[in-house]
1. Average the reciprocal distances over every distinct pair of alpha-carbons in the protein assembly as shown, invert the result, and give the Kirkwood radius in Å.
2. Between the alpha-carbon centers of the range A:69-118 and the range B:179-221, tell me the distance in whole angstrom.
3. Which shape class, rounded, prolate or oblate, goes with the range B:28-184 when its Cα gyration tensor gives a ≥ b ≥ c as root eigenvalues, a/c under 1.5 marks rounded, and past that a/b bigger than b/c marks prolate?
4. How much accessible surface does A:Phe108 have with a 1.4 Å probe, in Å² rounded to 10?
5. May I ask you to list the aspartates and glutamates whose Cα is less than 14 Å away from that of A:Lys261, ignoring any residue fewer than eight positions away on the same chain?
6. So what is Rg over Rh here for the range A:3-293, counting just Cα atoms and using Kirkwood for Rh?
7. If you average the alpha carbon positions of the range A:1-59 and of the range B:251-297, how far apart do those two centres end up, in angstrom?
8. Return a whole-number percent for the relative contact order of the range B:87-242, with Cα pairs under 8 Å and 6 or more residues apart as the contact set.
There are 2 protein chains.
Amino acid sequence: MKVTEIKSYLASRRELIQKALESCLPPPESYPPAVHQAMHYSLFAGGKRLRPLLVLAAGEAVGSPPEPLLPAACAVELIHTYSLIHDDLPAMDNDDFRRGRPTCHKVFGEAVALLAGDALLTHAFAVLSQVPEGVPTEKVLQAIGELACAAGSQGMIGGQVVDMEAEGRQVTLETVNYIHTHKTGSLIRACLRMGGILGGADEEQLDTLTRYGENLGLAFQITDDILDIEGDFANMGKKGGVDMARGKATYPACLGLAQAKEIAGQLCKEAQELARSLGTKAEPLIYLAGYVLNRQG
Amino acid sequence: MKVTEIKSYLASRRELIQKALESCLPPPESYPPAVHQAMHYSLFAGGKRLRPLLVLAAGEAVGSPPEPLLPAACAVELIHTYSLIHDDLPAMDNDDFRRGRPTCHKVFGEAVALLAGDALLTHAFAVLSQVPEGVPTEKVLQAIGELACAAGSQGMIGGQVVDMEAEGRQVTLETVNYIHTHKTGSLIRACLRMGGILGGADEEQLDTLTRYGENLGLAFQITDDILDIEGDFANMGKKGGVDMARGKATYPACLGLAQAKEIAGQLCKEAQELARSLGTKAEPLIYLAGYVLNRQG
């Protein structure tokens, strides 16, 4: 596939995802409107849909059409969005901006933002419980288990807790690794695994997708750390240098910027090699790993 | 069944539920301990386990053994517990006591309490995704869909949003009904439906269980309103008169205490008649409706 072909593939998948997301939520005017408006506000805030794209690219890499993968793609974006809303709350990071717009609680108040986050998380499982045509029910249940574990207290939430506790402290690289592989990595890994499971991957393919996901997840968070130092508001939609000001546990803080960049590059290269081993249908996964490494925001 | 037999039935089921809840959570010392300790603190705070008991009693009423119903029983208690933690947060009701003990955020801080709630909600679906022996996978998926919808923005969370918005305002009985049937009623209804679905209920039985659940759910919230006025700290584990002081939308505020009591009694009587129509195995459901009406806390 040429780069232009991959770009048109991604554009068409983004459109599928956008439509699926729009139709998976109750309309913003549904009663009670406050919470539904808040859910829409945050879900349609201009996210890049990397996670849903990974679900589709993983399933398609093992031969599935995109349609049966859409509920899982939506579910993971709902969970990602809820985690951002709760993360921004005053009790957590107390952020006023996200993707260049006021955060959910700044617009709708803390209580509604809290509940909108809860509702997005809950809705993820309602969406995922609908069985797509042609997918065995056991596979759907397996995907639900994957997502719930990846997002739970020993996955994403575990990473958030340790991240919070590490703030302002000197931490080891081991702790930073725990934070990165859990806070961001778990959910990205789950995207690849859900796509594989629902797409009909065999054991070896699923293992390859999993390792791709682990590499990409860690690379994503390291590039996030780097962008916090080097990025600007226009591309990031939020202030840079925030991590350092807060004493957040980051790769550049532990190893310096140069080595952090080198490791991110290495992880993406390994991810690309893993994707290559899956054959030509996995080319979008190769492209997405390059995108994660070189993105500006 | 004599009352003593029903009491011993309930005691044995409470024990099953307690063991299932203990083994369904990661131990409190699991990394990261802060969030796991907070999850345990709130889940084992002396709740009466009414919702899990309803799941078991519903499934057993249609001929199921209790064991295959335990994951659903645990899932609903995990969701109930998360909703209490988030409800108590300063951004919501700002309560310092729950069941006679300091609330989760008073002990663990707001951020950890928020995340512990998120983790309990998430974990409910991990638990429910495990297929019990003898239960078809489609039934498990159906139960997941029921729970997610009942707990979501058009169920429990919808009720919480409207409850919050109604605070300090004159509201119609229609609004109070919406709040009660959603904030409390949805989840109780889901207990009955999940028990029925996983227990192998036919369509008519499921319909009867659903209507029992709707009656009981509304009765439960009305008796809760009444207890807030008439109960004492020793039985309630929290201060009484709070609803009135806050200008909460309640049945007694709309209709007066006497009429509220009459309606609660009528709803429970109807629930008992519905249970009676299911045969002798539904006797615990008859007892539980009486319990809801006459409880002291």
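The values are calculated or read from the model by the stated rules, or taken from the named source; none is laboratory data. Model, not experiment: these values are computed from the prediction. Every residue, glycine among them, receives a Cβ derived from its backbone with ideal geometry; neighbour counts consider all protein chains shown. Please note that ligands, DNA and RNA were not included when accessible areas were found on the heavy atoms of the full protein model with its side chains. Shrake-Rupley method; radii C 1.70, N 1.55, O 1.52, S 1.80 Å.
1. Working: mean 1/r = 0.0404 Å⁻¹.
Here the Kirkwood hydrodynamic radius works out to 24.7 Å.
2. 31 Å
3. Numbers: a/c = 2.05, a/b = 1.21, b/c = 1.69.
Note, shape of the range B:28-184 comes out oblate.
4. My reading of the accessible area for A:Phe108 is about 50 Å².
5. Cross-link targets: A:Asp224, A:Asp225, A:Asp228, A:Glu230.
6. Details: Rg = 18.2 Å, Rh = 19.2 Å.
With Rg and the Kirkwood Rh in hand, the quotient comes to 0.95.
7. Taking the Cα centre of the range B:251-297 as reference, the centre of the range A:1-59 is 45 Å away.
8. Working: 159 pairs, mean separation 33.3, N = 156.
This gives 21 percent for the range B:87-242.
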